[in-house]
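S.K.: My structure is below; once you've seen it, I'll send some questions.
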Amino acid sequence: QVHLVESGGGLVQAGGSLRLSCAASGRTFTGFTMAWFRQAPGKEREFVAGIRWTSGNTYYADSVKGRFTTSRDNARNTVYLQMNSLKSADTAVYYCAARLGVGERTTANDFAYWGQGTQVTVSS
């Protein structure tokens, strides 16, 4: 059973930074893609960033390119999302997700495993 647990959310001022962590367990993640999604009140869940577990290759939504960086520490089975230059529009619940496959998928339904989410609130 794959388990994903997010942490690191909180309240931050616009222009500030925050780092989220996703602790993954339950199996070997070779061949997996890990990703971050977010969902703001009244909006659909949207893709934020993805990373191939083995190669470390990343891909991002246009809305966060240049501001957010995702990385992973294979030895610690942990994925990170470093968020810089935060805006009010970044306010959302952030979720860690995983799927078996290396394609650059951006649709939530393609990801079989999900964490519980962590709230990020950016004040103006």
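S.K.: Considering the chain, what Rg and Dmax in Å follow from its alpha-carbon atoms?
M.R.: Just the Cα atoms of the chain yield Rg and Dmax of 13.4, 41 Å.
S.K.: Measuring with a 1.4 Å probe in the full set of protein chains, what accessible area per residue, in whole Å², belongs to the chain?
M.R.: 50
S.K.: At a probe radius of 1.4 Å, what is the per-residue accessible area of residue 87, in Å² to the nearest 10?
M.R.: Counting only protein heavy atoms, residue 87 exposes about 100 Å² to solvent.
S.K.: Something else now. With every protein chain left in place and a probe of 1.4 Å, what is the accessible surface of residue 54, to the nearest 10 Å²?
M.R.: Looks like 90 Å² after rounding.
S.K.: Now for a different question. Quick one: work out the % antiparallel among DSSP beta bridges in the chain, nearest 5.
M.R.: That works out to approximately 90 percent antiparallel.
S.K.: Also: Quick one: with all protein chains in place, what share of the accessible area of the chain is carbon or sulfur, to the nearest percent (1.4 Å probe)?
M.R.: 45
S.K.: Take residue 110 and residue 63, extend 7 Å from each Cα along the Cα→Cβ direction, and tell me the distance between the two endpoints in nm.
M.R.: 1.8
S.K.: For segment 92-107, just list the computed ³J(HN,Hα) in residue order, Karplus coefficients 6.51, -1.76 and 1.60, θ = phi - 60°, integers in Hz, with x standing in for Gly and Pro.
M.R.: 4, 8, 9, 10, 8, 9, 8, 8, 7, x, 10, x, 7, 7, 10, 9
S.K.: I've got another one for you. Whose amide H sits under 5 Å from the amide H of residue 117, counting only residues 5 or more places off or on another chain, with H placed in the peptide plane?
M.R.: Those lying under 5 Å, H to H, from residue 117 are 6, 96.
S.K.: How would 90, 62, 110 rank on accessible area, largest to smallest, probe 1.4 Å?
M.R.: 62, 110, 90
S.K.: Under 8 Å for C-alpha pairs, at least 6 residues apart: give me the relative contact order for the chain, rounded to a whole percent.
M.R.: In percent, rounded to a whole number, it is 36.
S.K.: Go through 63, 112, 75 and say which Cα lies farthest out towards the positive end of the charge dipole of the chain; charges sit on Cβ, +1 for Lys and Arg, -1 for Asp and Glu.
M.R.: 75
S.K.: While we're here: Quote the charge dipole size of segment 12-124 about the Cα centre in Debye, to the nearest 20; the model charges only the Cβ of Lys and Arg (+1) and of Asp and Glu (-1).
M.R.: The dipole of segment 12-124 has a size of about 160 debye.
S.K.: Work out how much length residue 39 to residue 55 would gain on full extension: take 0.36 nm times their residue separation and subtract the Cα-Cα distance, in nm to one decimal.
M.R.: That works out to 3.0 nm of additional length.
The values are calculated or read from the model by the stated rules, or taken from the named source; none is laboratory data. Since this is a predicted model, take the numbers as computed values, not measurements. Neighbour counts run over all protein chains shown; Cβ positions are idealised from the backbone, glycine included. The accessibility values were calculated without ligands, DNA or RNA, using every heavy atom of the protein model including side chains. Shrake-Rupley method; radii C 1.70, N 1.55, O 1.52, S 1.80 Å.
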